[in-house]
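Reading through the structure tokens given below for one structure.
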Amino acid sequence: MAHLQKYITSINEKKSLARKKQQTELSVSNLKEKNAHLRRLLVGIRAEVNGYKASAQYEGKLAQANEKKVKAEAQLKKDESMLKSAVAQLEKINKQLCKCDVLVNSSDVAEHQKENAKLLIELDEYQSIIATKQETLGSLVAVNNTQGMREQRKEILADIATGKDRKKELDSLDGKIQEQQKQDLAKNSKMEKQASDERQTISGLNAKVAGVQARINENKYIGNELIKHFILSLADEEKQNYQQMAKLIEESMCRLIGMDRLVKGLGFGDTAILPSSLTGWRLVIPSLAGQTEGVKNENHIVNFGSSDFVETEKTIDRVKDDLSELGITL
């Protein structure tokens, strides 16, 4: 897990920068709006000043208007400085974000998932032990083996009360009760110590469960981030593949259009290389169109008009260059 810390650090840094960017963008937007409002306000104040300058009778109002203008201009200067600083901060954050690319390897994702699986096994083991300990704790009940003798003692006492001579039996029974109480006390003391140990063990295991559960929760967040950035890395690779394939399709289409125009320009009007329609040439990707040959599904056809795709002369020149390399001149 230690070597994954670099990903965690980068991911957290990127999230932190994204939050800062959002806050800074909001600040920039608010400052722009505030500055625009101040500029509009200054236009009115300056017009007011110019109006009062036209007549000496407005000298008092002119002074007030000038004071308002000075304050507004000072506030605008301050806000423009704040805006400049916020824009610079935003540019800095964007540069930092560009350097925060998180490239995750598939082996790291797999290793992280294995680590998480181990934690789940560890959690299950702790919970299983806790269940066993709780069952044991439930079975630890204090003993009282004098109950039967106490009932017998009641009977003897009742007989003595009615005049029967059972004093010796009572003394003997009291001795047995006292001895049994000692034995029960020893057993209960031992049982209470065991129960206390079981309770402390369960408490300790619960603390371990909490620790493992916290790591599992953290791992879930990290795992999701690792998978997300791994898929994003794959997507970047696939984008490059797509761009390369798109370039090949573009070049192939240009040649096909060039050939189509070239044969028609040579007077072979009855020869059509590309399937055409009123809107232009039709580009079909068979697997996307659900077909293996011909044009059957109009929903998967891309039409290119002559002005939308490439210049006529360039497509023809490209074909002529290809033919020239083969020693053929047109």
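Would you confirm, using the coordinates I've provided, whether Ala72 is closer than 30 Å to Thr9 by Cα and either loosely packed, with under 14 Cβ neighbours inside 10 Å or within 51 Å of the chain's Cα centre (by Cα) (or both)? The answer is no for Ala72. Would it be correct to say that Asn219 is within 31 Å of the chain's Cα centre (by Cα), among the polar types (S, T, N, Q) and within 29 Å of Ile129 (Cα to Cα)? When the stated conditions are applied, Asn219 passes them. Taking the criterion of being exposed (fewer than 13 other Cβ atoms within 10 Å of the Cβ) and under 28 Å from Gly211 (Cα atoms), would at least one residue in the stretch 135-158 satisfy it? Checking the stretch 135-158: at least one residue is exposed (fewer than 13 other Cβ atoms within 10 Å of the Cβ) and under 28 Å from Gly211 (Cα atoms). I'd like to check something: does the stretch 111-129 contain any residue that is small (Gly, Ala, Ser), loosely packed, with under 15 Cβ neighbours inside 10 Å and more than 30 Å from Asn35 (Cβ to Cβ)? Yes, because at least one residue in the stretch 111-129 is small (Gly, Ala, Ser), loosely packed, with under 15 Cβ neighbours inside 10 Å and more than 30 Å from Asn35 (Cβ to Cβ).
Within the stretch 163-170, is there a residue that is free of Cβ contacts under 8 Å to residues at least 60 places away in the same chain, under 30 Å from Glu225 (Cβ atoms) and surrounded by 12 or more Cβ atoms within 10 Å (Cβ to Cβ)? If you could, list the steps in order and put the result at the bottom.
In the first step, residues of the stretch 163-170 are kept if they are free of Cβ contacts under 8 Å to residues at least 60 places away in the same chain; the result is 163-170.
With the extra rule that they be under 30 Å from Glu225 (Cβ atoms), the set shrinks to none.
Checked the stretch 163-170: no residue is free of Cβ contacts under 8 Å to residues at least 60 places away in the same chain, under 30 Å from Glu225 (Cβ atoms) and surrounded by 12 or more Cβ atoms within 10 Å (Cβ to Cβ).
Out of Leu157, Leu226, one residue alone is modelled with pLDDT under 90 and in a helix (DSSP H, G or I). It is Leu226.
Does the stretch 231-249 contain any residue that is hydroxyl-bearing (Ser, Thr, Tyr), modelled with pLDDT of 80 or more, surrounded by 10 or more Cβ atoms within 10 Å (Cβ to Cβ) and within 30 Å of Leu120 (Cα to Cα)? Checked against the condition, which is being hydroxyl-bearing (Ser, Thr, Tyr), modelled with pLDDT of 80 or more, surrounded by 10 or more Cβ atoms within 10 Å (Cβ to Cβ) and within 30 Å of Leu120 (Cα to Cα), the stretch 231-249 yields at least one hit.
Annotation for the stretch 42-55: no member residue is out of contact with any Ser or Thr (no Cβ under 8 Å at 6 or more places or on another chain), exposed (fewer than 11 other Cβ atoms within 10 Å of the Cβ), at pLDDT below 85 and not in a loop (DSSP other than H, G, I, E, B). Within the stretch 185-208, residues that are touching a residue at least 40 places away in the same chain (Cβ under 8 Å) reach partners that are surrounded by 11 or more Cβ atoms within 10 Å (Cβ to Cβ) and charged (D, E, K, R) with beta carbons closer than 6 Å, at six or more positions or on different chains, in the pairs Glu198/Lys133; Thr201/Lys133; Ile202/Lys133.
From the list Ala246, Ala210, Ala214, the lone residue that is of a type outside the set (Asp, Glu), assigned to a helix (DSSP H, G or I) and under 30 Å from Asp321 (Cβ atoms) is Ala246. Check whether at least one residue in the stretch 108-126 is at pLDDT 95 or above and β-branched (Val, Ile, Thr), and report yes or no. Checking the stretch 108-126: at least one residue is at pLDDT 95 or above and β-branched (Val, Ile, Thr).
Scanning for something under 30 Å from Lys220 (Cα atoms), of a type in the set (A, V, I, L, M) and not in a helix (DSSP H, G or I), does the stretch 121-138 turn up at least one residue?
Looking only at the stretch 121-138, we keep the residues that are under 30 Å from Lys220 (Cα atoms), and these are 121-134.
If we keep only those that are of a type in the set (A, V, I, L, M) too, we end up with 121, 123, 129-131.
Then drop every residue that is not not in a helix (DSSP H, G or I), which leaves none.
Within the stretch 121-138, not a single residue is under 30 Å from Lys220 (Cα atoms), of a type in the set (A, V, I, L, M) and not in a helix (DSSP H, G or I).
Here the condition is being modelled with pLDDT of 85 or more, closer than 26 Å to Leu234 by Cβ and in a helix (DSSP H, G or I); of Asn12, Asn94, Asn35, it holds for Asn94 alone.
The values are calculated or read from the model by the stated rules, or taken from the named source; none is laboratory data. No experiment lies behind these values; they were computed from the predicted model shown. Note that each Cβ is placed from the backbone with ideal geometry, even for glycine, and that neighbours are counted across all protein chains shown.
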